[in-house]
Amino acid sequence: MAGGARDIIVAGGFRQGRGEPLSSVDPATGRVFAEVSTASVEDVDEAVTAGEAAMRDPAWRDLLPHRRAALLHRAADLIHAESESLARLQTLDNGKTITETRALVASAAGTFRYTASALETLDDTLTTARGPYLSMSVHEPVGPVAAITPWNSPIASEAQKAAPALAAGNAVLIKPAEWSPMAALSLGALLLRAGFPPGLVSVLPGPGGVVGEALVRHPGVRKVTFTGGTGTGRRIAAVAAGKLMPVSLELGGKSPTIVLPDADLDQAVRGIVFGIFSSQGQACVAGSRLIVHRSVHDEVVERITAAAEALVIGAPARESTHMGPLIAAEHRAEVESYVRLAAEEGGHISTGGTRPSGDALGEGFYYRPTVITGLGPGSRVCREEIFGPVLVTLPYDDEDELPALADATPYGLACGIWSRDYRRAWRLGRRIEAGTVWINTYKQLSAATPFGGVKESGLGREKGREGIRSYMTQKGVYWGLDETPSAWGL
């Protein structure tokens, strides 16, 4: 720490960035709790150049996979050892409840462990020969990776990108969101403690228009992995097309949750409430559109309304809190504008739609869980991502309507289905355009299962064994076995 602001990490070195400092605000109080130094374009160039050099160093380039896996395991152990302090730091940084940030830290540690195990068993391939040669398919690091992460789930998202990028042998340059930079800086410090060569790790906070833009456009960055808004994703894809650079884009969502008339309503209601109101609805996979058979629609809405009103809104560091604040005042204002729009479009607010009362919550960016009925599938509130605790409900009559209703947005990230008939649910899940389908559950995620979206929800997949391969390039190698010289040209 120098100059009153937390240092950034440039190629493993801690120092003040050359950009303008930014303030990290506690969303529960609206007060600044930390000042963070930020990177400049020059810092980005230095980090990329050092990352390229570190990747070429034989000490890293020739390190066997099981040795790299040992470093990943060590990182997981350090995250686990620091889990409570990391969780509390995230709660300060983005307002998520302490129970959820503990889960995010555990997820980060689990991602490093899973990636280490997958790396040790990730084999290259001896391909079928079609002549007098031995042929192989081998994989090599793609090059320095820019990992641009979102504010809603810091350390878990950073681990999801950094672990496989490092496992594949790359340098990783983490650019955290401006609203939540603290977890990434802590993770970067732990990766260095774990023993990764310093040049491989940089953490570069700062504005997306400066730091993110410099990373995406830098000729030395060979892949960008981005989680965030669809508009930014499009801009990254446009630059990547000019560079012929691979990208992984996990973007927005407006995920449907479908309740069939045979569903266990007790189970469904609890899952729906969790799917939309946990994380204050600030999740790309939030189940923000509820599509319910007309025969049970009113009962389901009544139950969800009662459950929403029973949720505890309060300080996110308190163990009993279900919902903390939204990330920032301007984000809450945007959520509020959508609720006003819903009323203008003819929607009925069954519950919520206001800020909670009480002096203890007045300084934070709190908003009540909101349920809206009476809108059609073409309304803006039903089609556009709100990224807040707002649920819109739609009744349906005929099951044949469901694929079109579920797909009636530009997005295709996730979907939930509630039914006692597993055959019926399976058939429906296969017809809907979504990267993930949950049946009789919601927001369950695994490091072993690939994750991503279709349509405007993104490109590519993260997680799973193949998640490591996505940070590598493939090379064919041929060994000639014919002892007879070529007769060509004779």
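Kindly establish whether ILE291 is part of a helix (DSSP H, G or I) and crowded, with 24+ Cβ neighbours inside 10 Å. Explain how you work it out, then say what you get.
Values: part of a helix (DSSP H, G or I): no; crowded, with 24+ Cβ neighbours inside 10 Å: yes.
No.
Based on what the data block shows, is ALA214 in contact (Cβ under 8 Å) with a residue 24 or more places away in the chain and more than 20 Å from the chain's Cα centre (by Cα)?
It is true that ALA214 is in contact (Cβ under 8 Å) with a residue 24 or more places away in the chain and more than 20 Å from the chain's Cα centre (by Cα).
Would it be correct to say that PHE226 is among the hydrophobic types (A, V, I, L, M, F, W, C), modelled with pLDDT of 95 or more and over 30 Å from ALA286 (Cβ atoms)?
no
Which residues, counting only those in region 239-285, are among the polar types (S, T, N, Q) and not in a helix (DSSP H, G or I)? So that I can check it myself, show each step before the final result.
Step one: of region 239-285, the residues among the polar types (S, T, N, Q) are 248, 255, 257, 267, 278-280, 282.
Correct list: SER248, SER255, THR257, GLN282.
Conditions first: (1) at negative phi; (2) in a helix (DSSP H, G or I); (3) surrounded by 15 or more Cβ atoms within 10 Å (Cβ to Cβ); (4) not small (Gly, Ala, Ser). GLU330 passes all but one, so which condition is the exception?
Result: GLU330 fails condition (3) only.
Specify which of the listed residues (GLY231, GLY188) is surrounded by 22 or more Cβ atoms within 10 Å (Cβ to Cβ) and within 19 Å of the chain's Cα centre (by Cα). Spell out the reasoning first.
Numbers: GLY231 fails: surrounded by 22 or more Cβ atoms within 10 Å (Cβ to Cβ).
The unique qualifying residue is GLY188.
How many residues are of a type in the set (Ser, Thr, Tyr) and in a strand (DSSP E or B) when one looks only at region 15-48? Talk me through it step by step, then tell me what you get.
Our first condition is that a residue be of a type in the set (Ser, Thr, Tyr); within region 15-48, this holds for 23-24, 29, 37-38, 40.
Applying the additional criterion that residues be in a strand (DSSP E or B) yields 23-24.
The number of residues fulfilling the criteria is 2.
Return yes or no: is GLU302 out of contact with any strand residue (DSSP E or B) (no Cβ under 6 Å at 6 or more places or on another chain), surrounded by fewer than 17 Cβ atoms within 10 Å (Cβ to Cβ), within 22 Å of VAL25 (Cβ to Cβ) and of a type in the set (D, E, K, R)?
no
Which one of GLU363, GLU336 is modelled with pLDDT under 95, assigned by TED's automatic domain parsing to the domain that holds ARG380 and of a type in the set (D, E, K, R)?
GLU363
Kindly provide the set of residues from region 347-388 that are closer than 13 Å to PRO325 by Cα and part of a helix (DSSP H, G or I), ordered by number.
ALA360, LEU361
Can you tell me which condition GLY209 does not meet? The list is (1) assigned to a strand (DSSP E or B); (2) surrounded by fewer than 24 Cβ atoms within 10 Å (Cβ to Cβ), and all the others hold.
Unmet for GLY209, out of (1) assigned to a strand (DSSP E or B); (2) surrounded by fewer than 24 Cβ atoms within 10 Å (Cβ to Cβ): (1).
Can you work out which of the residues in region 63-76 that are over 17 Å from PRO144 (Cα atoms), touching a residue at least 40 places away in the same chain (Cβ under 8 Å) and not hydrophobic (A, V, I, L, M, F, W, C) is surrounded by the fewest Cβ atoms within 10 Å (Cβ to Cβ)?
HIS66
Just checking, which of VAL381, VAL371, VAL392 is under 23 Å from GLY95 (Cα atoms), in the same structural domain as HIS293 (by TED's automatic domain parsing) and among the aliphatic types (A, V, I, L, M)? Full working, then the answer.
Values: VAL381 fails: under 23 Å from GLY95 (Cα atoms); VAL392 fails: under 23 Å from GLY95 (Cα atoms).
Among VAL381, VAL371, VAL392, only VAL371 is under 23 Å from GLY95 (Cα atoms), in the same structural domain as HIS293 (by TED's automatic domain parsing) and among the aliphatic types (A, V, I, L, M).
If I filter region 39-62 for residues that are buried (at least 17 other Cβ atoms within 10 Å of the Cβ), small (Gly, Ala, Ser), modelled with pLDDT of 95 or more and closer than 29 Å to TYR366 by Cα, do I get at least one hit?
No.
Out of everything in region 107-135 that is of a type in the set (A, V, I, L, M) and buried (at least 17 other Cβ atoms within 10 Å of the Cβ), what residue ends up being nearest to the chain's Cα centre (by Cα)?
Once the filter is applied, the top-ranked residue is ALA108.
The values are calculated or read from the model by the stated rules, or taken from the named source; none is laboratory data. Quick caveat: nothing in here was measured; it's all calculated off a predicted structure. Neighbour counts are summed over all protein chains in view; Cβ atoms, including those assigned to glycine, are modelled from backbone coordinates with ideal geometry.
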